[in-house]
1. Among the candidates Arg161, Arg195, which residue alone is modelled with pLDDT of 95 or more and touching a Ser or Thr at 6+ places or on another chain (Cβ under 6 Å)?
2. Hey, among Thr146, Thr183, Thr106, which residue is β-branched (Val, Ile, Thr), assigned to a strand (DSSP E or B) and assigned by TED's automatic domain parsing to the domain that holds Leu216?
3. Could you tell me which of the residues Val232, Val211, Val207 is in the same structural domain as Thr108 (by TED's automatic domain parsing), in contact with a strand residue (DSSP E or B) (Cβ under 8 Å, 6 or more places away or on another chain) and at pLDDT 95 or above?
4. Test each condition in (1) closer than 30 Å to Ala227 by Cβ; (2) in a helix (DSSP H, G or I) for Gln172 and report the one that comes out false.
5. State all residues of segment 40-63 that are farther than 12 Å from Glu29 by Cα, in a loop (DSSP other than H, G, I, E, B) and not aromatic (Phe, Trp, Tyr); if no residue qualifies, say none.
Amino acid sequence: MTQASPAPPWRHVRSNRSVQLGPQLVGYELGHARRRTIGFVVGPEGLVVRAPRWVAQADIDDALRSKAAWILRKLAEQAERVLQRDTQRVQWAEGGSLPYLGTPLTLTLVPGQRGVVLGADRRLQIGLGAAARPEDTPADHLRHATLAWLQRQALTLFQERVLHHAPRLQVQPRQLRLSAARTRWGSASSDGTVRLNWRLIHFELPVIDYVVVHELAHLREMNHGPAFWALVHGVMPDYEHQRHTLKTRPVPVCD
């Protein structure tokens, strides 16, 4: 039987206080504010506590201990998200990989070629021009060329899918724009503008179609009430499966 490793300490990057919560020493950022109660927030950087100025430090730590299980669970969840993000980070070099329409592409540097070409072998060939050598190519060049290509593909495909689904929902979108939002896959405005996140190009076509249908349905129902979901279901009876994939599938980090 192997001995369990001791639990590592959790420390906020701007930690100015610490408290022992069960087996773990937690460093947290404490700030005082004009409020009536003690508030806790667990984010990517760690635990942040905001308390009224009149509350004693001992009372703050007692409040943290009373919420120890919740705090430690949220800290562990945040650590897992950071780990997943790091493992999904694209390596901008020869042989790097990222998903395109649900299947991986391998990045290939091609001296003498200009532009970006998708080969039949699922290799994305990035041209380096006449003089450049793969070993001399900055990662930023590969990144910018690849992202520009992905966004062009996304716009073309999204336009096709909007044209396909709009008549089925009896709507006429005024314009389609690409989005690069960090937290939203799409949006629709009352003026008929639909925005779709270009990163959807990483997913399979049914997932993309779900977001397209979702946003087009908003042109008739600007809410998430029963009538809205009935519209989505009428076009995509399996929309819940696609929605689940969208929520749970890791997305490559292209920064």
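1. Details: Arg161 fails: touching a Ser or Thr at 6+ places or on another chain (Cβ under 6 Å).
Only one candidate qualifies: Arg195.
2. On the way: Thr146 fails: assigned to a strand (DSSP E or B); Thr183 fails: assigned to a strand (DSSP E or B).
Being β-branched (Val, Ile, Thr), assigned to a strand (DSSP E or B) and assigned by TED's automatic domain parsing to the domain that holds Leu216 holds for just one of Thr146, Thr183, Thr106, which is Thr106.
3. On the way: Val232 fails: in contact with a strand residue (DSSP E or B) (Cβ under 8 Å, 6 or more places away or on another chain); Val207 fails: in contact with a strand residue (DSSP E or B) (Cβ under 8 Å, 6 or more places away or on another chain).
Answer to the selection: Val211.
4. (2)
5. Scanning segment 40-63 gives Pro44, Arg53, Val55, Ala56.
Here's the yes/no breakdown for (1) of a type in the set (Ser, Thr, Tyr); (2) surrounded by 14 or more Cβ atoms within 10 Å (Cβ to Cβ); (3) over 30 Å from Ala145 (Cα atoms); (4) in contact with a Cys (Cβ under 9 Å, 6 or more places away or on another chain):
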position: Glu204; (1), (2), (3), (4): no, yes, no, no
position: Tyr210; (1), (2), (3), (4): yes, yes, no, no
position: His218; (1), (2), (3), (4): no, yes, yes, no
position: Gly225; (1), (2), (3), (4): no, no, yes, no
position: Val232; (1), (2), (3), (4): no, yes, yes, no
position: Val235; (1), (2), (3), (4): no, yes, yes, no
position: Thr245; (1), (2), (3), (4): yes, yes, no, no
position: Thr248; (1), (2), (3), (4): yes, no, no, no
position: Val251; (1), (2), (3), (4): no, yes, no, no
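The values are calculated or read from the model by the stated rules, or taken from the named source; none is laboratory data. What you see is a predicted model; the values in this text were computed from it and never measured. Cβ coordinates were reconstructed from backbone atoms using ideal geometry, including for glycine residues, and neighbour counts include every protein chain displayed.
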